[in-house]
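Some notes on the structure that comes next.
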Amino acid sequence: MANIIKPNLWNGKQIKANEESVYYSRRSILKQMGLATGALLASPMIGYSKNKNQDNNFTFAGMEKCYPAQRNEKYGLDRPLTEEYDATHHNNFYEFISPKDRNIYNAYKYVDPFDTREWRFEVSGLANKTGVYFLEEMIKEFGLEERTYRFRCVERWSMAVPWTGFPLKKLVEYFGPKNNAKYIGMTTYAEESEMVGIKNQDWYPWPYHEGLRMDEAMNELAFIATGIYGKPLPKQNGAPMRLIVPWKYGYKNTKSIVRFEFTNKEPKTFWNSLAPNEYPFLSNIDPDVPHPRWSQKIERMIPDGEPRPTLKYNGYGEFVGKLYS
Ligand SMILES: Nc1nc2c(c(=O)[nH]1)N[C@H]1C(S)=C(S)[C@@H](COP(=O)(O)O)O[C@H]1N2
Ligand SMILES: [Mo]
């Protein structure tokens, strides 16, 4: 809990791990530490203050030159792209559900307080490199490409969008999982003063958390998106970095990631802990495996609800089928 070292972006990749308190929710960090009260919060560990009067979006010098990134044509679509407006104004992001709004998909209306500047994330567990890292460094290290993927929510709505980002494989290899690392867990930012849904829905097991098997994370399709439609991600789509695994149901696609944890045990997941029989760990898209409360044979494209037959692995069997044989 000692001093915060103001990080120097280009001088050494790693900064003090105790800076994690800067981006974890006060609550969750206290929970992790087993503390009941906020006594510690007066300490300098939250001294890295952000000026709330500025534009609070993730950015860095030169970021505009990264977008739009070149499209990787290997990943084509069988349908037209969803309109940008629809993909960015119909979102599932429980951290931004307002009790005053009857439409739970209106996250875009509530994201302004979400501060994504100088985004950093923690890497922990069974890896050669651990600590706190800046997203800016990762973008510069890995470069960016664009991919068009289909996307399918378990509730049956679907879309087709161009994501910008880098393969998750690059990130995994950069941190170097140890031989006994069999899974990677991912955790979303959680700060109740910035996220109306956390403040008002305290029965959920915040922060949002998900995970993949290591062989899934290393599959060429698994992608960390930093952008959409040739621009940086809007907050409601999971700015500034989120997972995209297009052969799995939407809830596996963790938004606004602040931690990757390499483990030898299957990570617990947010929806699985709420309804284990409805949201299994793998959650691969499959028309022949109904959700306990509805069929998965058909999906409906936003915004008009045009029906399409659901495809096994969302049509990505040639890439991921071998993982499950
Ligand atoms: N942190 C977090 N990540 C999340 C969610 C969420 O509520 N919180 N919702 C998931 C679900 S159910 C879906 S369908 C997708 C929606 O992504 P989109 O809003 O970019 O379309 O995000 C997923 N990632
Ligand atoms: Mo979803």
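The values are calculated or read from the model by the stated rules, or taken from the named source; none is laboratory data. Quick caveat: nothing in here was measured; it's all calculated off a predicted structure. Note that each Cβ is placed from the backbone with ideal geometry, even for glycine, and that neighbours are counted across all protein chains shown. Ligands, DNA and RNA are stripped out before the accessible areas are found, and what is left, the full protein with its side chains, is counted by its heavy atoms. Shrake-Rupley method; radii C 1.70, N 1.55, O 1.52, S 1.80 Å.
Observations on the model:
- Contour excess over end-to-end distance, with Cα ends at residue 266 and residue 202 and 0.36 nm allotted per residue: 20.5 nm
- Given 199/248; 248/297; 182/231, the pairs whose alpha carbons are separated by over 22 Å: 199/248; 182/231
- Between residue 312 and residue 81, the distance separating the two model label sites (each 7 Å from Cα on the Cα→Cβ line) works out to 3.1 nm.
- Mean accessible surface per residue for segment 121-216, computed with a 1.4 Å probe while every protein chain stays in place, in Å²: 31
- Simple label model, 7 Å out from Cα along Cβ direction - residue 193 to residue 102, nm: 3.4
- Sites residue 72 and residue 170 - FRET efficiency at Förster radius 22 Å, r taken between beta-carbons, to 0.05: 0.95
- Cα centroid separation, segment 108-149 to segment 69-91: 21 Å.
- Accessible carbon and sulfur surface of segment 116-265 relative to its total accessible area, %, 1.4 Å: 47
- Residue among 292, 211, 232 farthest towards the positive dipole end of segment 201-304, charges placed on Cβ: 232
- Cβ crowding within 10 Å averaged over residues, with 232-242, 89-99, 167-177 ranked highest first: 232-242, 89-99, 167-177
- Centroid-to-centroid separation of segment 223-298 and segment 157-174 [C-alpha atoms, Å]: 12
- Which listed pairs, of 169/312; 109/312; 109/178; 65/178, have C-alpha distances above 31 Å, in listed order: 109/312; 109/178; 65/178
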